[in-house]
Structure formats: structure tokens, C-alpha cells
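Q: Below are the C-alpha cells for one structure; questions will follow.
The values are calculated or read from the model by the stated rules, or taken from the named source; none is laboratory data. Keep in mind that this is a model prediction, so the values were computed, not measured. Note that we place each Cβ from the backbone using ideal geometry, even for glycine, and neighbour counts take in every protein chain shown. Heavy atoms of the whole protein, side chains included, go into the accessibility calculation; ligands, DNA and RNA do not. Shrake-Rupley method; radii C 1.70, N 1.55, O 1.52, S 1.80 Å.
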Amino acid sequence: MFIFAALVCGIFSAMAQDLIVKIDATEIKSKVLEIAPDVVKYKKFSNLEGPTYILPVSEIDHIVFANGEKEQFRKTTPEKPILAICPSKPSDPVKPAEEKVSPSPAPKEEIPEGYVRKRFEVGEFYDRGGVRGVICSVTEDGQHGLVVSLQETTLAWCNKNVPATLKEIGLDDKHDGEKNLEKLKVYVAAQKIDIHNFPPFVWCAKLGDGWYLPSINELLTIAVNFNGGNRAVFNREARNKFNDVLRAHGGAKLDRLMYYFTSTEGAEAREVLTSHMAPEPPYIVPVNKTQKWLVRAVHKF
């Protein structure tokens, strides 16, 4: 009877534990307590009354939960080529743009009962799946949003050697810079223009798959949250807190006084919309595409 009871307890214990598998293949039998943007908190299954351990997400390959569900942390799919649309030489043949088929919506993620998923907050450092930056906006449920890149640069939106008649591309989406990027890809392929004539888009893409130049409304949202949620109020504390996180992870602070490029074109063919991080209006300023202004990339999560 004792042997049977011990066997039952052993089977129950094996089923009730979570298994954390690290990138180096090390396995940790545990009870996961919390999954945060950059760390996982857990207790060792052999000592559930003992201390709580913290493991960086960057060291985790995946977790197999007690109910059999699996969450993958390390990106396993190869990166897509960076804007590999146009040939480097005008004489190279240009392949027509392939028609994109929208994928089926992903099933809604279900968190196993008894687990708590931490809500993301503006100003937090984000480091998951190779994407590193600072969260600049979140959805109402706190589970999704936008990350701004750690670094920035200064570039012209469009090189001067692009003919004036071709400078009005039709990047008119004010809400989603990713849609403007797709329009640019179609445009450069059709016009047989080297994509490197649009430096900010190339710079953003070089950060990795999924990074893009924000639309005007995305940049305005960043500015609002950078100022603590109210663009009309001078909030030095909120701005310093945001910039401190950027600098703490090797990034450059957001510039309050200079204009940042967006992917949204203006009313005139030669113009593109910009904005700044300061509370003083005007918040939207059209500038010439061949001028040099700051560039920052964003990534959805």
C-alpha cells in the first residue's frame, strides 16, 4: 500500500511541475510564478517553500507548463532579408511583387490557470525574441503595444537623385507605418528604384525583422507617452525616467527639441510629416524630404 501511494505521489509530482529549458539545454524543474517582459520568476520544484529565483528571458529557450502547454521564447525562424526588393544595379532584372496572402489569425493565447502574466507598461525595457527597446505604447489589456528603438540616427528621407516626379509615393497611412513600408516596397519595385534612395526605411530594417519607420500618429503617441500621458503639460520627471531607461541599456535619449521623420507623406510631393517630443505646438510639421532629420524605429509586440 505504501509503495502504491508513493508511486501515485511521484506521478502527480512529475505532472504538476513546470519545466524551464534554457538556451544551453539545461532543464530546471520548477513552479513558474510570473512571466515578465524580461525575466521569469520561479521556485525550484524540489523546494517550493524556498527562495524565488529570477531568470532572464534571454537565457530561456522555452517553458513546458504542467498542463502540457509550451511557450517558446527564443526565436527559431531565420530572419527575412532586409528590404531585398530592388537590385543594386539598374540593369538587373526586377521581379514583380508577389501577392501577399493574409495569414489566418493566430489563436488567442490562453495562460494556464494559476499563472499571472505581468502587464506591460510604458517606459519599461523590452527584450524578447531578439527585439530590444523601450515600450512607448500599450494596448488596454497591457499585453501588446509598440517598442521604440534604443538608437537613433540623422538621415534624409529621400536622396536628391530621385526624380522629383517620383517623390510622391502614396505613403498616406497616418496610423500604421508598417503599411507605408509595404507601399514603398511595391513602389520601388514598380519604378525600378534602388531602395537605398530612401535611407530611413533601410536603417530601420537593418535593426531586424519587424522594425519600421513610424507613421505620424504612432510618433505622436510616442511623444504623448514620453511626456507622461499629457502632451500639453511640461513633465520633466516623466521624460527623464523614459530617457534613463534608454541610456541604462546602451541607447540614446529621445531629443525633445529636434524633429523626427515619419513614414507619412505630406500634402505636397516633396514633403513628409515630422513631429518632436516637446509639449509646445505645432505638433505636426511638413518638411522637405531631402532635408536631414532624426530617425527612430518602432516594433510591434
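Q: From the list K75, K43, which one is modelled with pLDDT of 80 or more and surrounded by 10 or more Cβ atoms within 10 Å (Cβ to Cβ)?
A: Unique residue meeting the criteria: K43.
Q: Which of the residues spanning the stretch 221-274 are out of contact with any helix residue (DSSP H, G or I) (no Cβ under 8 Å at 6 or more places or on another chain) and at positive phi?
A: Of everything in the stretch 221-274, just one residue is out of contact with any helix residue (DSSP H, G or I) (no Cβ under 8 Å at 6 or more places or on another chain) and at positive phi, namely G250.
Q: Could you list all residues from the stretch 169-197 that are small (G, A, S), part of a helix (DSSP H, G or I) and more than 23 Å from the chain's Cα centre (by Cα)?
A: If the condition is that a residue be small (G, A, S), part of a helix (DSSP H, G or I) and more than 23 Å from the chain's Cα centre (by Cα), then A189, A190 are the ones that fit.
Q: Return the total of residues in the stretch 154-168 being under 20 Å from I284 (Cα atoms) and either under 20 Å from the mean Cα position of the chain (by Cα) or open to solvent by 70 Å² or more (accessible area, probe 1.4 Å) (or both).
A: 2
Q: Mind listing whichever residues of the stretch 277-293 are of a type outside the set (V, I, T), without any contact (Cβ under 8 Å) to a residue 60 or more places away in the chain and touching a strand residue (DSSP E or B) at 6+ places or on another chain (Cβ under 7 Å)?
A: Answer for the stretch 277-293, where residues must be of a type outside the set (V, I, T), without any contact (Cβ under 8 Å) to a residue 60 or more places away in the chain and touching a strand residue (DSSP E or B) at 6+ places or on another chain (Cβ under 7 Å): P286, N288.
Q: Moving on. Quickly run through the stretch 270-290 and pick out the residues that are at pLDDT 95 or above and small (G, A, S).
A: S275
Q: Would you mind listing the strands (runs of 3 or more DSSP E) fully within the stretch 219-301 where at least 2 residues are open to solvent by 10 Å² or more (accessible area, probe 1.4 Å)?
A: Because the criterion is at least 2 residues that are open to solvent by 10 Å² or more (accessible area, probe 1.4 Å), the strands (runs of 3 or more DSSP E) in the stretch 219-301 that meet it are 271-275, 285-288, 292-300.
Q: Right, something else. Of the residues V148, V188, which single one is open to solvent by less than 10 Å² (accessible area, probe 1.4 Å) and over 22 Å from L254 (Cβ atoms)?
A: That would be V188, the only listed residue that is open to solvent by less than 10 Å² (accessible area, probe 1.4 Å) and over 22 Å from L254 (Cβ atoms).
Q: Of the conditions (1) at pLDDT 90 or above; (2) open to solvent by 40 Å² or more (accessible area, probe 1.4 Å), F125 satisfies every one except a single condition; which number is it?
A: If we test F125 against (1) at pLDDT 90 or above; (2) open to solvent by 40 Å² or more (accessible area, probe 1.4 Å), just (2) comes out false.
Q: Cβ contacts < 6 Å: first residue closer than 23 Å to R119 by Cα, restricted to the stretch 39-58; second residue among the polar types (S, T, N, Q) and surrounded by 10 or more Cβ atoms within 10 Å (Cβ to Cβ), any location; separation 6+ or different chain. Result?
A: Here the result reads K41/T52; Y42/S30; K43/T52, each pair linking the stretch 39-58 to a residue that is among the polar types (S, T, N, Q) and surrounded by 10 or more Cβ atoms within 10 Å (Cβ to Cβ).
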